[in-house]
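Presented below is the structure to which this report refers.
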Amino acid sequence: TRMRCLDRRRSELSALLEALAGADANALRVTNDAVVQLRAPTECVEAATEARAPSPALQAELDAGEDVLARAIAARSLWQFERASALVDQAIGFADRARSPSLLARALVVRGECQDRLGRSKDALATYQRAATVASQAHDSTVVADAMSRAFLVEGDHIGKRAEALRNRPFIEMVVELAGQPDDLRAVWLHHLAI
(Lines give C-alpha, C1' and ligand atoms only; values in the text may rest on other atoms or scores of the structure.)
Protein backbone atom coordinates (compact mmCIF):
# COMPACT_ATOMS: atom_id res chain seq x y z
CA THR A 1 0.00 0.00 0.00
CA ARG A 2 0.99 3.63 -0.30
CA MET A 3 1.47 4.12 3.42
CA ARG A 4 3.74 1.11 3.67
CA CYS A 5 5.74 2.42 0.69
CA LEU A 6 6.07 5.84 2.36
CA ASP A 7 7.11 4.15 5.61
CA ARG A 8 9.90 2.39 3.69
CA ARG A 9 11.11 5.69 2.21
CA ARG A 10 11.13 7.25 5.69
CA SER A 11 13.00 4.22 7.02
CA GLU A 12 15.60 4.53 4.24
CA LEU A 13 16.16 8.23 5.04
CA SER A 14 16.40 7.52 8.79
CA ALA A 15 18.89 4.71 8.18
CA LEU A 16 21.06 6.98 6.05
CA LEU A 17 21.00 9.73 8.68
CA GLU A 18 21.91 7.17 11.35
CA ALA A 19 24.78 5.85 9.21
CA LEU A 20 26.02 9.38 8.57
CA ALA A 21 26.05 10.14 12.30
CA GLY A 22 28.70 7.46 12.82
CA ALA A 23 30.48 7.82 9.49
CA ASP A 24 34.18 8.42 9.03
CA ALA A 25 35.69 11.01 6.69
CA ASN A 26 35.81 8.57 3.75
CA ALA A 27 32.09 7.82 4.03
CA LEU A 28 31.25 11.51 4.34
CA ARG A 29 32.95 12.15 0.97
CA VAL A 30 30.24 10.11 -0.78
CA THR A 31 27.32 11.64 1.12
CA ASN A 32 26.00 13.41 -1.96
CA ASP A 33 25.91 10.12 -3.90
CA ALA A 34 24.17 8.44 -0.97
CA VAL A 35 21.46 11.11 -0.88
CA VAL A 36 20.95 10.92 -4.65
CA GLN A 37 20.44 7.14 -4.37
CA LEU A 38 17.50 7.51 -1.98
CA ARG A 39 14.29 6.40 -3.64
CA ALA A 40 11.78 9.21 -4.15
CA PRO A 41 8.53 9.22 -2.16
CA THR A 42 6.73 10.01 -5.42
CA GLU A 43 7.27 6.37 -6.40
CA CYS A 44 4.64 5.54 -3.79
CA VAL A 45 1.85 7.38 -5.66
CA GLU A 46 1.11 4.34 -7.78
CA ALA A 47 1.86 1.72 -5.13
CA ALA A 48 -0.38 -1.28 -5.67
CA THR A 49 -2.88 -2.23 -3.02
CA GLU A 50 -2.13 -5.63 -1.57
CA ALA A 51 -4.71 -8.32 -2.25
CA ARG A 52 -4.46 -9.65 1.28
CA ALA A 53 -2.62 -8.37 4.32
CA PRO A 54 -0.11 -10.81 5.83
CA SER A 55 -0.62 -12.22 9.30
CA PRO A 56 0.70 -10.06 12.17
CA ALA A 57 3.69 -12.41 12.64
CA LEU A 58 4.63 -12.25 8.96
CA GLN A 59 4.07 -8.48 8.94
CA ALA A 60 6.48 -8.12 11.88
CA GLU A 61 9.14 -10.13 9.98
CA LEU A 62 8.52 -8.01 6.88
CA ASP A 63 8.77 -4.73 8.78
CA ALA A 64 11.99 -5.85 10.50
CA GLY A 65 13.40 -6.93 7.15
CA GLU A 66 12.56 -3.57 5.56
CA ASP A 67 14.32 -1.76 8.42
CA VAL A 68 17.44 -3.91 8.11
CA LEU A 69 17.45 -3.53 4.33
CA ALA A 70 17.21 0.26 4.71
CA ARG A 71 20.31 0.16 6.94
CA ALA A 72 22.09 -2.06 4.39
CA ILE A 73 21.25 0.38 1.60
CA ALA A 74 22.58 3.27 3.70
CA ALA A 75 25.83 1.39 4.37
CA ARG A 76 26.18 0.50 0.70
CA SER A 77 25.55 4.12 -0.27
CA LEU A 78 28.44 5.15 1.98
CA TRP A 79 30.69 2.47 0.43
CA GLN A 80 30.67 0.35 3.59
CA PHE A 81 30.27 -2.86 1.60
CA GLU A 82 31.29 -5.37 4.29
CA ARG A 83 28.83 -3.85 6.76
CA ALA A 84 26.13 -3.69 4.09
CA SER A 85 26.72 -7.37 3.23
CA ALA A 86 26.17 -8.46 6.83
CA LEU A 87 22.95 -6.42 7.02
CA VAL A 88 21.74 -7.81 3.69
CA ASP A 89 22.19 -11.35 5.01
CA GLN A 90 19.88 -10.45 7.88
CA ALA A 91 17.34 -8.85 5.51
CA ILE A 92 17.33 -12.00 3.38
CA GLY A 93 16.57 -14.06 6.48
CA PHE A 94 13.61 -11.81 7.30
CA ALA A 95 12.42 -11.98 3.68
CA ASP A 96 12.52 -15.79 3.76
CA ARG A 97 10.59 -15.93 7.03
CA ALA A 98 8.06 -13.34 5.80
CA ARG A 99 7.75 -15.20 2.49
CA SER A 100 8.25 -11.91 0.65
CA PRO A 101 9.73 -12.20 -2.85
CA SER A 102 9.68 -8.40 -3.14
CA LEU A 103 11.90 -7.87 -0.09
CA LEU A 104 14.10 -10.79 -1.10
CA ALA A 105 14.62 -9.45 -4.63
CA ARG A 106 15.55 -5.97 -3.41
CA ALA A 107 17.93 -7.42 -0.83
CA LEU A 108 19.56 -9.60 -3.48
CA VAL A 109 20.22 -6.53 -5.65
CA VAL A 110 22.06 -4.89 -2.75
CA ARG A 111 23.96 -8.13 -2.08
CA GLY A 112 24.99 -8.27 -5.75
CA GLU A 113 26.31 -4.71 -5.68
CA CYS A 114 28.31 -5.43 -2.52
CA GLN A 115 29.76 -8.59 -4.05
CA ASP A 116 30.74 -6.71 -7.20
CA ARG A 117 32.30 -3.82 -5.27
CA LEU A 118 34.28 -6.33 -3.19
CA GLY A 119 35.74 -7.89 -6.36
CA ARG A 120 33.46 -10.94 -6.55
CA SER A 121 31.96 -10.22 -9.95
CA LYS A 122 30.98 -13.81 -10.80
CA ASP A 123 29.08 -14.11 -7.52
CA ALA A 124 27.46 -10.74 -8.22
CA LEU A 125 26.31 -11.87 -11.66
CA ALA A 126 24.65 -14.97 -10.20
CA THR A 127 23.05 -12.88 -7.44
CA TYR A 128 21.66 -10.33 -9.90
CA GLN A 129 20.25 -13.12 -12.06
CA ARG A 130 18.57 -14.65 -9.01
CA ALA A 131 17.25 -11.21 -8.01
CA ALA A 132 15.67 -10.76 -11.46
CA THR A 133 13.98 -14.16 -11.20
CA VAL A 134 12.66 -13.49 -7.70
CA ALA A 135 11.49 -9.99 -8.67
CA SER A 136 9.57 -11.44 -11.60
CA GLN A 137 7.79 -13.75 -9.13
CA ALA A 138 6.89 -10.62 -7.15
CA HIS A 139 5.64 -8.95 -10.38
CA ASP A 140 8.08 -6.08 -9.79
CA SER A 141 9.31 -5.07 -13.22
CA THR A 142 11.35 -2.17 -11.81
CA VAL A 143 13.51 -4.51 -9.72
CA VAL A 144 13.69 -7.01 -12.60
CA ALA A 145 15.02 -4.24 -14.88
CA ASP A 146 17.44 -2.96 -12.22
CA ALA A 147 18.84 -6.45 -11.55
CA MET A 148 19.13 -7.25 -15.26
CA SER A 149 20.84 -3.93 -15.98
CA ARG A 150 23.36 -4.52 -13.21
CA ALA A 151 23.95 -8.08 -14.42
CA PHE A 152 24.57 -6.66 -17.91
CA LEU A 153 27.27 -4.32 -16.59
CA VAL A 154 28.95 -7.04 -14.52
CA GLU A 155 28.94 -9.62 -17.30
CA GLY A 156 29.88 -7.24 -20.11
CA ASP A 157 32.39 -5.01 -18.39
CA HIS A 158 33.61 -6.48 -15.11
CA ILE A 159 33.81 -10.08 -16.32
CA GLY A 160 34.53 -9.06 -19.93
CA LYS A 161 31.91 -11.12 -21.77
CA ARG A 162 30.50 -8.30 -23.89
CA ALA A 163 28.91 -10.44 -26.59
CA GLU A 164 27.04 -12.52 -24.02
CA ALA A 165 25.86 -9.42 -22.18
CA LEU A 166 24.70 -7.71 -25.37
CA ARG A 167 22.42 -10.67 -26.16
CA ASN A 168 20.33 -9.58 -23.17
CA ARG A 169 19.96 -5.96 -24.34
CA PRO A 170 16.54 -6.36 -26.00
CA PHE A 171 15.15 -8.13 -22.94
CA ILE A 172 16.45 -5.46 -20.58
CA GLU A 173 14.99 -2.71 -22.74
CA MET A 174 11.68 -4.57 -22.82
CA VAL A 175 11.59 -4.81 -19.01
CA VAL A 176 12.57 -1.14 -18.61
CA GLU A 177 9.61 -0.38 -20.90
CA LEU A 178 7.32 -2.62 -18.81
CA ALA A 179 8.46 -0.77 -15.69
CA GLY A 180 7.19 2.45 -17.27
CA GLN A 181 10.62 3.85 -18.15
CA PRO A 182 11.21 5.67 -14.83
CA ASP A 183 13.85 8.34 -15.36
CA ASP A 184 16.32 6.99 -12.79
CA LEU A 185 16.06 3.40 -14.05
CA ARG A 186 16.38 4.49 -17.67
CA ALA A 187 19.42 6.65 -16.82
CA VAL A 188 21.16 3.77 -15.01
CA TRP A 189 20.44 1.41 -17.92
CA LEU A 190 21.82 3.88 -20.49
CA HIS A 191 24.88 4.46 -18.30
CA HIS A 192 25.54 0.72 -18.09
CA LEU A 193 25.01 0.36 -21.83
CA ALA A 194 27.45 3.19 -22.52
CA ILE A 195 30.12 1.55 -20.36
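The values are calculated or read from the model by the stated rules, or taken from the named source; none is laboratory data. Because the structure is predicted, anything quoted here is derived from the model rather than measured. So basically every Cβ, Gly included, is an ideal-geometry build from the backbone, and we count neighbours across all protein chains shown. Accessible surface areas use protein heavy atoms only, side chains included; no ligands, DNA or RNA. Shrake-Rupley method; radii C 1.70, N 1.55, O 1.52, S 1.80 Å.
For the reader, a short list of remarks on this structure follows.
- Fraction of accessible area attributable to carbon and sulfur, the stretch 86-195 (%, probe 1.4 Å): 51
- In Hz, Karplus ³J(HN,Hα) per residue of the stretch 152-161 (6.51, -1.76, 1.60; θ = phi - 60°; x = Gly, Pro): 4, 5, 4, 5, x, 10, 6, 8, x, 9
- For the pair residue 4 and residue 195, a Förster radius of 30 Å applied to the C-beta separation gives a FRET efficiency near 0.30, rounded to the nearest 0.05.
- Pairwise FRET efficiency - residue 122 versus residue 169, Cβ, R0 = 22 Å, nearest 0.05: 0.60
- Residue-span extension gain [residue 162 to residue 177] - 0.36 nm each, minus C-alpha spacing: 3.1 nm
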